[in-house]
Amino acid sequence: MTIVQILVNGLLLGAFYALIGVGFSLVWGVTNILNLAHGAIALLGAYITFYMFQNWHIDPFLTIPVSFIATFLFGYALQRYVMNRIVKAQILMLLILTFGLEIFLVNFMTTFFSADFRSVTPVYAGNSLMLGDIVIPYIRLAVFGICVILCVSMGIFLDKTWRGKAIKATSLDIEAAMMTGISPAKIYALTFALGSGLAGVCGTLLTLTQSFSPNIAGGLTLRAFIVSILGGLGRIEGALIGGLLLGVLETSSSYFIGESYKNAIAFGLMVIVLIVKPSGLMGRKYYAEVKH
Amino acid sequence: MFRKTIIFILCLLLAPVLTYAADEIWFGAALSLTGKLAKEGNLVKNGYELWKETVNKKGGIKINGKAYIVNIKIYDDESDPNRGAKLVEKLVTEDKIKLILGPYGSESVFATSAITEKYGALMVQGGAAADKLYSRGFKNLFGIYTVATDYMNDTLEMLKNKNPKPQTVAIVYSNDLFSAQVAQGAKVSAEKLGYKVVFYQDYPKGTQDLSTVIVQIKAKKPDIILGCGHFQDTIIIIKQAKDYKVNPKAIAFSVGPTLPDFVDSLKADSEYVLGSAQWTQTLKYKDQVFGSNQAFVKAYKAKYNEDPNYHSAGGTSAGVIFQRAIEKAGTKDDIDKIREALYNFNEETLYGRIKFDKTGKVIGKGMPVIQIQKGTQKTVYPEDVAELKVVYPKPQWK
């Protein structure tokens, strides 16, 4: 029975990883920017939720739109007025820029919100669905649902709407996209904004199940990175599968091998994927081509 | 006129030297007043200064009927143990001070005590809990913090004879040096007290998810869960224990419940969780300098306008113990006699009853156990100096 519980835990955790990975993967796949500040942007969402809960007792789930919009606008402005200026530069420059941004955001949050670990505990925390011996905490179930819904809607957005198609077109062939009247600057900004917005939502969901401080930003980015590699860049279904896979892998490896080895195993898997199938499990030669 | 001015200036310059020669005892300390340990370092300094002020108000340290005023020379080590070591060297060799009060933090004590050992100076420290400090064969270092491997002894001792009697213990710990030592000690102590350790596992430092560990613990149905880790881990363990309906008779942590943030973060879920503390404000110990622990707390609040914590109390206690040893030795200069007095020390202080073993490590002081009751940390053990009775077994999660 324990093993079923552990698989369930893995899936619940995995959906969260998927959501943190989707935004990162999209940005990487479309704009070729490895956004090292992704985790820090997620934490902005977490602090928004924390403060609305602390000061006005607003339910964390209700603050999802707020953190989405706030980080969306932040991401849009950032890409439109900062990143776009150097997006054609070498990958190293972009890495330095996003790394600098990460340091700035982490220090900003440390200054304003302190380095203390925070956690949000609404009254209904700890209630669980019981299926025989299997326990499924309602909060984790809700987080799972929201993550899956957001990942799927993101996929629909990319496939069905004009802007979504424009994002895919830009990613596929930037020159051809420009010829059809798409402005890459705006599309890049939109992509980065969506990525940041999804990260912001992740931050909100994070407050419900974990404790956080500005210092965990790097760990979140790392998870997003692994999910993107596993799933294949820029692919929504890839991120979803990569996330779930990572979640199940973490929980089951910590059960069978030992909790202390779970990070090593996640990295190991990433390296194997990079060697065997560098485009990721779901990757086709589609989004992640080198464009420069 | 010119000559008079010269003489006047000379007098001014000589004044400090002349005072220095008066009836005084000088102590030295290199503390983290800036840098990453500045917060704790300054708390220890507050403790030292309160001790100095209190002793001097009472006329100073009395040696064979004669009173000596206490002075402390404090340098800032900038939270760098190497700098701390250099400063202690300066204290001993240039300032000629052989009575050294300890810095804060195991690394700093490790580095500076090597210097005091080398020059035959004495150090009494109330700021470090690592076991390794006492395994180097030093004879000039005395520490009053209960060491890491003894952290959970009192919690286990307290729970031993409760009703219904707990039989099994699950121990989880973060895989850093300090937490691993706490866990190791807890395991040995649990087995010695007749518990069965049914789960013993580490997890990576800074982990964000412990659901697998919690599920595994649940399968073992332990009576007691001991968590040896850091503040954020305690939050995750409590949250997930509630999520997965793990209901042991007691949950105890080495670090976490003593911090005010613990209750802020967990709200009602923090109720009845146990924690180990080096010292608490409410312990009813007597003290030869302050009168009692309560009197110390009052004096501290009056001087600094805030509650003392175990860092400050550790600083003050180090001073008190040094003072009592000097008074008993009947000398301020003979290091051998003072050391002997420290080895034979057996007195109740505001920090508890202090005795040292041959390595200079405090023995039998114990860790007071606190329990969150109605949103505040209450001392529940040792029973004779506790505020409230412990609530056991812990009620199930609501």
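The values are calculated or read from the model by the stated rules, or taken from the named source; none is laboratory data. The structure presented is a predicted model; accordingly, all values stated were derived computationally and were not measured. Cβ placement follows ideal geometry from the backbone for every residue including glycine, while neighbour counts extend to all protein chains displayed. The accessibility values were calculated without ligands, DNA or RNA, using every heavy atom of the protein model including side chains. Shrake-Rupley method; radii C 1.70, N 1.55, O 1.52, S 1.80 Å.
Looking only at the range B:294-342, count every residue that is under 23 Å from residue B:363 (Cβ atoms) and loosely packed, with under 15 Cβ neighbours inside 10 Å and tell me the total.
Going through the range B:294-342 one residue at a time, the tally reaches 2.
Across the range B:80-98, what is the total count of residues that are part of a helix (DSSP H, G or I) and basic (Lys, Arg)? I'd like the intermediate steps shown before the answer.
Kept after step one, since they are part of a helix (DSSP H, G or I), are these residues of the range B:80-98: B:81-93.
Next, only the ones that are basic (Lys, Arg) stay: B:83, B:86, B:90.
Qualifying residue count, the range B:80-98: 3.
Criterion first (in a helix (DSSP H, G or I), within 11 Å of chain B (Cβ to nearest Cβ) and farther than 23 Å from residue A:5 by Cβ) does residue A:264 satisfy it? Steps first, answer last, please.
Working: in a helix (DSSP H, G or I): yes; within 11 Å of chain B (Cβ to nearest Cβ): yes; farther than 23 Å from residue A:5 by Cβ: yes.
So residue A:264 passes the test.
Here is a list of conditions, (1) closer than 20 Å to residue A:78 by Cα; (2) part of a loop (DSSP other than H, G, I, E, B), and residue A:193 meets all of them except one; can you say which number that is?
(2)
Just to verify a result, which residue in the range B:145-178, among those that are open to solvent by less than 50 Å² (accessible area, probe 1.4 Å) and within 14 Å of another protein chain (Cβ to nearest Cβ), is farthest from the chain's Cα centre (by Cα)?
That would be B:170.
From B:127, B:194, grab the single residue that is assigned to a loop (DSSP other than H, G, I, E, B) and either in contact with a His (Cβ under 8 Å, 6 or more places away or on another chain) or within 17 Å of residue B:361 (Cα to Cα) (or both). Can you show your working first?
Working: B:194 fails: either in contact with a His (Cβ under 8 Å, 6 or more places away or on another chain) or within 17 Å of residue B:361 (Cα to Cα) (or both).
Just one listed residue meets the conditions, B:127.
Do any helices (runs of 4 or more DSSP H) lying entirely in the range A:1-103 carry at least 1 residues that are of a type in the set (A, V, I, L, M), farther than 19 Å from residue A:242 by Cα and within 14 Å of chain B (Cβ to nearest Cβ), and which ones are they?
Values: elements: A:2-31, A:38-56, A:64-78.
In the range A:1-103, A:2-31, A:38-56 are the helices (runs of 4 or more DSSP H) which contain 1 or more residues that are of a type in the set (A, V, I, L, M), farther than 19 Å from residue A:242 by Cα and within 14 Å of chain B (Cβ to nearest Cβ).
Would you pick out the residues in the range B:196-238 that are among the aromatic types (Phe, Trp, Tyr), farther than 19 Å from residue B:371 by Cβ and open to solvent by 10 Å² or more (accessible area, probe 1.4 Å)?
Of the residues in the range B:196-238, the ones among the aromatic types (Phe, Trp, Tyr) are B:199-200, B:203, B:231.
Now drop any that are not farther than 19 Å from residue B:371 by Cβ, which leaves B:199-200, B:203.
Result: B:199, B:200.
Starting from residues that are outside any strand (DSSP E or B) and touching a Phe, Trp or Tyr at 6+ places or on another chain (Cβ under 9 Å), keep the ones in the range B:28-38 and report whichever is surrounded by the fewest Cβ atoms within 10 Å (Cβ to Cβ).
Taking the range B:28-38 and keeping what is outside any strand (DSSP E or B), we get B:32-38.
Within this subset, residues satisfying the condition of being touching a Phe, Trp or Tyr at 6+ places or on another chain (Cβ under 9 Å) are B:32-33, B:37.
Numbers: B:32: 27, B:33: 17, B:37: 23.
Out of the qualifying residues, it is B:33.
Filter the range A:125-168 for residues that are surrounded by 17 or more Cβ atoms within 10 Å (Cβ to Cβ) and farther than 30 Å from residue A:60 by Cα; which is nearest to the other protein chains (Cβ to nearest Cβ)?
Selected residue: A:167.
Could you list, in sequence order, the residues of the range B:217-227 that are over 19 Å from residue B:276 (Cα atoms) and more than 7 Å from chain A (Cβ to nearest Cβ)?
B:217, B:218, B:220, B:221, B:222
May I ask you to list pairs of residues, at least six apart or on different chains, whose Cβ atoms are under 6 Å apart, with the first in the range B:104-129 being under 17 Å from residue B:33 (Cβ atoms) and the second being buried (at least 24 other Cβ atoms within 10 Å of the Cβ) and polar (S, T, N, Q)?
If the second residue must be buried (at least 24 other Cβ atoms within 10 Å of the Cβ) and polar (S, T, N, Q), the pairs left are B:104/B:32; B:109/B:125; B:126/B:317.
In the range B:31-77, how many are free of Cβ contacts under 8 Å to residues at least 60 places away in the same chain, aliphatic (A, V, I, L, M) and closer than 26 Å to residue B:259 by Cβ?
2
Across the range A:212-260, what is the number of residues that are more than 14 Å from chain B (Cβ to nearest Cβ), open to solvent by 10 Å² or more (accessible area, probe 1.4 Å) and assigned to a helix (DSSP H, G or I)?
8
From A:53, A:24, A:16, which residue is more than 15 Å from the chain's Cα centre (by Cα) and open to solvent by less than 40 Å² (accessible area, probe 1.4 Å)?
Working: A:24 fails: more than 15 Å from the chain's Cα centre (by Cα); A:16 fails: more than 15 Å from the chain's Cα centre (by Cα).
That would be A:53, the only listed residue that is more than 15 Å from the chain's Cα centre (by Cα) and open to solvent by less than 40 Å² (accessible area, probe 1.4 Å).
Scan the range A:78-103 residue by residue and report those that are touching a helix residue (DSSP H, G or I) at 6+ places or on another chain (Cβ under 9 Å) and touching a residue at least 60 places away in the same chain (Cβ under 8 Å). Talk me through it step by step, then tell me what you get.
Restricting attention to the range A:78-103, the residues satisfying the condition of being touching a helix residue (DSSP H, G or I) at 6+ places or on another chain (Cβ under 9 Å) are A:78-84, A:86-87, A:89, A:93-94, A:97-98, A:101-103.
Residues satisfying the conditions are A:78, A:79, A:80, A:83, A:84, A:87, A:94, A:98, A:101, A:102.
Residues to consider are A:217, A:199, A:193; find the one that is at pLDDT 90 or above and in contact with a His (Cβ under 7 Å, 6 or more places away or on another chain). Outline the logic, then answer.
Values: A:217 fails: in contact with a His (Cβ under 7 Å, 6 or more places away or on another chain); A:193 fails: in contact with a His (Cβ under 7 Å, 6 or more places away or on another chain).
Exactly one residue qualifies, and that residue is A:199.
Across the range B:246-260, what is the total count of residues that are in contact with a Phe, Trp or Tyr (Cβ under 7 Å, 6 or more places away or on another chain) and surrounded by fewer than 22 Cβ atoms within 10 Å (Cβ to Cβ)? Let's see the steps before the verdict.
Kept after step one, since they are in contact with a Phe, Trp or Tyr (Cβ under 7 Å, 6 or more places away or on another chain), are these residues of the range B:246-260: B:247, B:249-250, B:254-256, B:259.
After this cut, where a residue has to be surrounded by fewer than 22 Cβ atoms within 10 Å (Cβ to Cβ) as well, the list is B:247, B:249, B:259.
Qualifying residue count, the range B:246-260: 3.
Could you tell me which of the residues B:69, B:97 is of a type in the set (Val, Ile, Thr), more than 20 Å from residue B:137 (Cα to Cα) and open to solvent by 40 Å² or more (accessible area, probe 1.4 Å)?
B:69
Any idea which of (1) assigned to a loop (DSSP other than H, G, I, E, B); (2) away from chain A (no Cβ under 14 Å); (3) within 18 Å of the chain's Cα centre (by Cα); (4) not basic (Lys, Arg) is the one residue B:306 doesn't satisfy?
Condition (3) is where residue B:306 drops out.
Given the options B:240, B:232, name the one that is assigned to a helix (DSSP H, G or I), out of contact with any helix residue (DSSP H, G or I) (no Cβ under 8 Å at 6 or more places or on another chain), closer than 30 Å to residue B:201 by Cα and of a type outside the set (Ser, Thr, Tyr). First the steps, then the outcome.
Numbers: B:240 fails: out of contact with any helix residue (DSSP H, G or I) (no Cβ under 8 Å at 6 or more places or on another chain).
Among B:240, B:232, only B:232 is assigned to a helix (DSSP H, G or I), out of contact with any helix residue (DSSP H, G or I) (no Cβ under 8 Å at 6 or more places or on another chain), closer than 30 Å to residue B:201 by Cα and of a type outside the set (Ser, Thr, Tyr).
Would you check which residues across the range B:123-146 are of a type in the set (A, V, I, L, M) and within 17 Å of residue B:345 (Cβ to Cβ) and list them?
Step one: filter the range B:123-146 for residues of a type in the set (A, V, I, L, M), giving B:123-124, B:128-130, B:133, B:141, B:144.
Passing the criteria: B:123, B:124, B:141, B:144.
Looking for something of a type outside the set (Ser, Thr, Tyr), open to solvent by 20 Å² or more (accessible area, probe 1.4 Å), assigned to a helix (DSSP H, G or I) and in contact (Cβ under 8 Å) with a residue 12 or more places away in the chain - is there at least one such residue anywhere in the range A:200-211? Quick ask: steps written out before the conclusion?
As a first pass, look at the range A:200-211 and keep what is of a type outside the set (Ser, Thr, Tyr): A:200-203, A:205-206, A:208, A:210.
Narrowing further to those that are open to solvent by 20 Å² or more (accessible area, probe 1.4 Å): none.
There is no residue in the range A:200-211 that is of a type outside the set (Ser, Thr, Tyr), open to solvent by 20 Å² or more (accessible area, probe 1.4 Å), assigned to a helix (DSSP H, G or I) and in contact (Cβ under 8 Å) with a residue 12 or more places away in the chain.
Considering only residues that are crowded, with 23+ Cβ neighbours inside 10 Å and more than 13 Å from the chain's Cα centre (by Cα), which ones fall in the range B:361-379?
Answer for the range B:361-379, where residues must be crowded, with 23+ Cβ neighbours inside 10 Å and more than 13 Å from the chain's Cα centre (by Cα): B:369, B:370, B:371, B:377.
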